[in-house]
Structure formats: C-alpha cells, structure tokens
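Encoded as structure tokens, the structure appears first; notes follow it.
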Amino acid sequence: MKTICALVAVVGMAALGVASADEVDDDGLIAQVASERPNAPGAGAADRKGLADLGQAEREARIDLTLAQSRLELVLARKALRTHQIKDAAIRAQRVLNLLKELPPELDASEYELQAEGILARAEKAGVDLAALAEQAPGDAMPRGFDDYLDRQTQAAAAVGRRYTGAERDTINTRIDAQALRQRTLQRQIPGDYGYRPGKEIFDTDTILERDRQRVYYEDALQKAYSADAARLLTEADEARVVPVGEIAYPDDWPERVAKRAKYAGGEIARSESWIDQDGREWYVAVYDIRDLTYVPPDFQPTFSLDPAENLRNALDRHALRWGHGFFGGLYPWDLDVTIPLLRYFGGVDDYAWRGPKYSAERQEQIVEMIKAFTTKSTEKKIIPLGP
C-alpha cells in the first residue's frame, strides 16, 4: 500500500514538473502553432471583427430598449397625472431619470429628461418626497422583491379567470395566461397603495368605461334626434290643417314630378331590349300599369242638398230609421243588410273611406281580352262586352 502511494506521488511530481516547464514556454508553443496554421491570423481577425459588430449591435439594441422604456414610463406618468395619482407619476418620472443614466454621454436624451423633471417638479409642489424616490435602485419602478409578488398575483388572477362561469363577452378574456396577464397589467395600470391589480385586467375595463362614456353621448344625441323628429311631425300635422284655396291644390314641385313621370307615359313602367325576328318584326317584353283603367270611383249621396224640404224629409226619415228599425234597436243582427243601403240612400256614407281604393277585376279581364284580340291573329269574330 505504501509502495503504491509513493509511485502516485512520484508520478504526480513528474507531471507537475512538466506542467511548470510548459508554462514557461507558452509563448513559444503559441507561436509554433500559429506558424503551422497559415490561415490562423486571418481567421482571428474575422472573428474579432464579427464580435465587434455584434457588440455594437448589442449596444444599439440596449440604447433603443432604454429609450423605449423611457417613453413608456413618461406616457404612464402623464396618465397618472391625469388621474391625480401624483406619487405614481413621480415614481415613473424618477425611473426615467434612472434609465437615462445608462445611456452613453454623447447621446442627447434631454427631451425625455426635461419631461421627467417637469413631472417631478409638479409632484414636489404637490408634497411628494422626492428624496425617498431617488433612493430606489436605478431602473426600478417599484422596490426590489416586487416581481415575485406580481408573479403570484398574476398566476392567481389567471386561475380566477379560468374558473369564470358567466357569459362570454368581447370585453372579457378569461383564457389569458399568467405571463400575458402580467404584461397587460404593467402596460395598462398604475400601481396604487397595494401595488398592481392583475385580476382587474381579465375584464377590459378601459373599453367598458369608454363605452359607458360614449353611451352617455349617444343618449344625448339620440334624445336630440327624436325630439327633432317629434317637433317635425307636429309641425307637419299643423301644416296639414292649412286648407287649399280652390277645389284642387298642387304642390310647388308639381312640374318636376310630372317631368319625372314622363318616361312612364302610357302606363309602361318597364321594358326589355328589342329584338328582330326573321320576318323583320320587332319584339320586346313590357310591363304596364293599368290601375287607372280598372279603378272604380266612389259613388255616394251627399248628406244635404239645396232644397230645404228635401233636407227636412231626409232628416225625419233618418230619425225614424234610427229609432224604429230593428237593427238600431238591437233585435236582429241580420237587419244590417237592409240598413246599410238605406243609410247610403240618406247620404254621408263613403264605402272607400275605410276600405281604400277599389279596382275592378272584371275591367282588368276585359282589358286583357282586348289586348289578346289586338295582338293575336285570328279570323274568328269576337265580341267583348265592356259592361254598362
């Protein structure tokens, strides 16, 4: 056992001696290896240039990141001022100043610095202790240890959202993960006395509040709109009470209306393109409005005449009909068929007042038969009665 230990010790000492000798001649070994590799100097220069380029790109990216963070903090600080959270605005302004210290001296960031100092001046005027804010770590918006606490908050809020059992809405994101919820909280909220509130961001509160504000404006505009319509309808109703002078009154734009209807003269309201058959005849399909030809005008007796004796007789007969006939006495409902013609006889009953215009189907059939007679070649004689 002792012999083995001694051999190990001797070998170890020999190795140590070799290592010491190699350390003395390191420069020689490096030079020898370099001489055996002709491309080594060129490759080393390329590597050094690539590393230098990457280092410059890293510095530029860090500068851009710092400036972007500074702009974000300034926007959130101004937002905090709008909501009268002066201390939160001062914290963010102080963070901007801390971030700007990381920039190279030759970079001009005075615009951000002036904005941050202006916010701090307003905060100091409002009674915020700026000395306590400056003691925070550079670049930190909140005291150290805050990140772990925020992570726990966002994870708990995400779990609450996943257990949501209510109706889905476009302003509710219950499937958001903890990391996205954390980022959204940092972007949209200003911390209060209890820090951030990630659970609030499951609901899109900004959109909800903005919709409420716009709904107030909409209701005000809607009230003005229907009030204007009500006033217009009342005015038009009063205008309808103006009695026309003479028997017929035409609107002011009557010539324009007649000119617009000129293309429908003759009743033609639609027509297809024409085509010529092999015999040289022109054919087309047309639609005509013949309601004026089938209209049945109302016919009723006026309620009075220029003869006093006739008026007295009609009044006495109507009185006797009203008080002596069974229909008015409530005896037999079927007396209606007898009573209505009598009322027409005494005048004042317009059949179209409630029913509206009447068009005759018989007249329409007569017109169709006449068109067939004119457009169909036939040697047969045909008689079309037109009625009385």
Q. Do we find that ARG363 is modelled with pLDDT under 85, assigned to a helix (DSSP H, G or I) and either surrounded by 12 or more Cβ atoms within 10 Å (Cβ to Cβ) or basic (Lys, Arg) (or both) in this structure?
A. no
**Q.** Residues being among the basic types (Lys, Arg) and in contact with a Ser or Thr (Cβ under 8 Å, 6 or more places away or on another chain) - total across the stretch 149-176
**A.** 1
Q) Considering only the stretch 184-207, how many residues are surrounded by 12 or more Cβ atoms within 10 Å (Cβ to Cβ) and under 17 Å from ASP151 (Cβ atoms)? A) 13
(Q) Filter the stretch 264-283 down to the residues that are assigned to a helix (DSSP H, G or I), on the phi < 0 side of the Ramachandran plot and either exposed (fewer than 10 other Cβ atoms within 10 Å of the Cβ) or touching a His at 6+ places or on another chain (Cβ under 9 Å) (or both) and list them by number. (A) ALA265
Q: Go through ARG213, ARG241, ARG291 for me and flag whichever is modelled with pLDDT of 85 or more, under 30 Å from THR375 (Cβ atoms) and of a type in the set (Lys, Arg).
A: ARG291
Q. Within the stretch 110-134, restricting attention to residues that are modelled with pLDDT under 85 and aliphatic (A, V, I, L, M), which residue is farthest from GLU58 (Cα to Cα)?
A. ALA126
Q. In this structure, is ASP108 assigned to a helix (DSSP H, G or I) and among the acidic types (Asp, Glu)?
A. no
Q. If LEU181 passes every condition in (1) over 20 Å from GLN85 (Cβ atoms); (2) loosely packed, with under 12 Cβ neighbours inside 10 Å but one, which one does it miss?
A. (2)
Q | Residues that are over 24 Å from ALA361 (Cβ atoms) and among the charged types (D, E, K, R), drawn from the stretch 264-321 | A | ARG271, GLU273, ASP277, ASP279, ARG281, GLU282, ASP307, GLU310, ARG313, ASP317, ARG318
Q: Starting from residues that are of a type in the set (Lys, Arg) and either in contact with a helix residue (DSSP H, G or I) (Cβ under 6 Å, 6 or more places away or on another chain) or touching a residue at least 12 places away in the same chain (Cβ under 8 Å) (or both), keep the ones in the stretch 74-90 and report whichever is farthest from TYR112 (Cα to Cα).
A: LYS87
Q) What is the number of the single condition among (1) more than 19 Å from HIS84 (Cα to Cα); (2) more than 20 Å from the chain's Cα centre (by Cα) that ASN173 does not meet? A) (2)
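The values are calculated or read from the model by the stated rules, or taken from the named source; none is laboratory data. As the structure is a computational prediction, the values presented were derived from the model and not from experiment. Neighbour counts are summed over all protein chains in view; Cβ atoms, including those assigned to glycine, are modelled from backbone coordinates with ideal geometry.
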